[in-house]
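The values are calculated or read from the model by the stated rules, or taken from the named source; none is laboratory data. Given the structure is predicted, the values throughout are model-derived calculations rather than measurements. In this analysis, Cβ positions are derived from the backbone assuming ideal geometry, glycine residues included, and neighbour counts consider all displayed protein chains. Just so you know, the surface numbers come from the protein's heavy atoms only, side chains and all, with ligands and any DNA or RNA stripped out. Shrake-Rupley method; radii C 1.70, N 1.55, O 1.52, S 1.80 Å.
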Amino acid sequence: METAASQAANAPPPHILVVDDDREIRDLLARFLERHGLRVTAVRDAREARRALPHGHFQMVVLDLMLPGETGMDFARWLRSPASGHASIGLVMLTAMGEETDRIIGLELGADDYVPKPFNPRELLARMRAVLRRTSDTARPADATQPRLMRFGGWTLDPARRRLLNPDQVEVPVTGGEYDLLLALVERANRVLTRDMLLDLLRGRQAGPFDRAIDVAISRLRRKLEDNGRHAQIIKTVRGGGYVLAAEVERL
């Protein structure tokens, strides 16, 4: 019988779709990622990306926001829609240096992470691997040591399959980053978690003074949990502190 380790060793390398209209960046990034054990397909715009997606079995898209024709934002919005058939794929956005608004909008659209240009390829690779680890957990078999279900406020979190179920037991699509944020809150229910603590738990880094990634992700989660932001009952804002999952959690 194959062990989990041997299965992982025999698994094909993750397939990455790089979408960038700058040919030099495309080629350099493809060579760099391939040297580090990833399989890469590089395309120049959203139209080529749409053509490639159905045939490549991709685990991640690395997307430049400044694309000719259909913008990176529009492509990301389509990618995260259920109609695309690729809503759960990992998504890392490349943004212009200092364009905080673009980063916030990208996170609103469901990006798992963002890297400003010009970027250090090693930093990009580290962030990509972190997202790949999160998204690959979805396909792993259930761990007998994990709770099968975690229920809170009528909702159900399924750690074995990384799924969120509404009170009617219908799955609600969430990105890898949204799932990890919700899991961090659920596992620490009724405990105030600052933005710094959440960023450190999720990304292993401290929040910058203008880093609104956590706020944006919380806003997305509240919408999916149908938890009105002004009168939120599940995820509450603690003034000057952070956020708290204000619900009792039942572990099964």
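For the reader, a short list of remarks on this structure follows.
- Residue-span extension gain [Ala52 to Ala87] - 0.36 nm each, minus C-alpha spacing: 11.1 nm
- Of all accessible heavy-atom area on the stretch 148-199, the percent that carbon and sulfur account for (1.4 Å): 46 percent
- Net charge, Glu34 excluded, C-beta distance under 13 Å - Lys, Arg +1, Asp, Glu -1: +3
- Placing a label point 7 Å from the Cα of Arg161 along the Cα-to-Cβ direction, the residues of the stretch 62-82 whose backbone N falls under 20 Å of that point are 82.
- Placing R0 at 25 angstrom, the Cβ-Cβ distance between Glu24 and Glu108 gives a FRET efficiency of 0.25 after rounding to 0.05.
- Arg239/Thr101 FRET efficiency (R0 25 Å; Cβ-Cβ; nearest 0.05): 0.50
- Leu149 versus Ser219: modelled label distance in nm, points set 7 Å from Cα along the beta carbon direction: 3.3 nm
- In a simple Cβ point-charge model (Lys, Arg +1; Asp, Glu -1; nothing else charged), the stretch 11-112 has a dipole of about 480 debye relative to its Cα centre.
- For the pair Glu250 and Lys117, the difference between a 0.36 nm per residue extended length and the Cα-Cα distance amounts to 43.5 nm.
- Our estimate of slack between Glu34 and Glu171, defined as 0.36 nm per intervening residue step minus the Cα-Cα distance, is 45.8 nm.
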